[in-house]
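Worksheet: one structure, shown below.
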Amino acid sequence: MSAIDISYRGLVHQWHCDHMGHMNVMWYVGKFDEATWNLAASLGMTSSYMREAGRGMAAVEQHISYRREALVGDVIVVRSAVLELKPKSIRFAHEMFRGDGGDHLSTMLVTGVHIDVQARRSVQFEPQIFAQSQAALVANPGRWDEWPPRQAHLA
């Protein structure tokens with residue numbers, strides 16, 4: 001797998017917009033967060049796994065680049081890619097678009113840490129999750145090293 005095809009699809013509602021008429025930054029982050037949980041589930045970190053294993057994920061670093069405004073009525077699509085995997089952490093990218101094949105609106109890079117929710121400390125991924133996540137690594141993750149990104153790589 002080179003990228004998750006679509007990790008989020010939703011709509012910009014009026015209440016997502018600020019006084020300037022475009023989607024407020026809190027909603028970009030919220031939609032990216034929903035994409036994160038869809039990505040995690042595709043890698044085996046489902047909500048049932050998290051509850052039963054007493055595991056969680058914590059974002060420890062995020063970078064967001066805003067390129068275009070999202071407006072009321074826009075359908076938003078997020079595509080995601082796993083860039084790096086370590087025994088206890090994962091680095092991934094989300095790219096947000098206006099509809100299928102539309103304008104590149106935003107990019108977010110995230111580093112997340114796998115945690116034991118009771119001990120409140122980082123722990124290694126389970127072997128099956130680590131293997132599934134390794135299979136999702138993209139070729140040439142360095143495409144996202146340029147910041148801010150000049151283009152989308154998952155369009």
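The number of residues in the stretch 106-133 that are loosely packed, with under 15 Cβ neighbours inside 10 Å and among the acidic types (D, E) comes to 1. Taking the conditions (1) without any contact (Cβ under 8 Å) to a residue 60 or more places away in the chain; (2) closer than 22 Å to A155 by Cα in turn, K86 satisfies each one other than (2). Hey, can you tell me all the residues within the stretch 4-29 that are within 30 Å of Q132 (Cβ to Cβ), assigned to a helix (DSSP H, G or I) and open to solvent by less than 30 Å² (accessible area, probe 1.4 Å)? Correct list: Y28 only.
Restricting attention to the stretch 70-102, the residues that are of a type in the set (D, E, K, R), over 14 Å from the mean Cα position of the chain (by Cα), open to solvent by 70 Å² or more (accessible area, probe 1.4 Å) and at pLDDT 95 or above add up to 2.
The values are calculated or read from the model by the stated rules, or taken from the named source; none is laboratory data. All values derive from a computational prediction rather than experimental measurement. Because the Cβ atoms are built from the backbone with ideal geometry, glycine has one as well, and the counts that use them run over all protein chains shown. The protein model used for the area step is the full one, side chains on, heavy atoms only, and it has no ligands, DNA or RNA in it. Shrake-Rupley method; radii C 1.70, N 1.55, O 1.52, S 1.80 Å.
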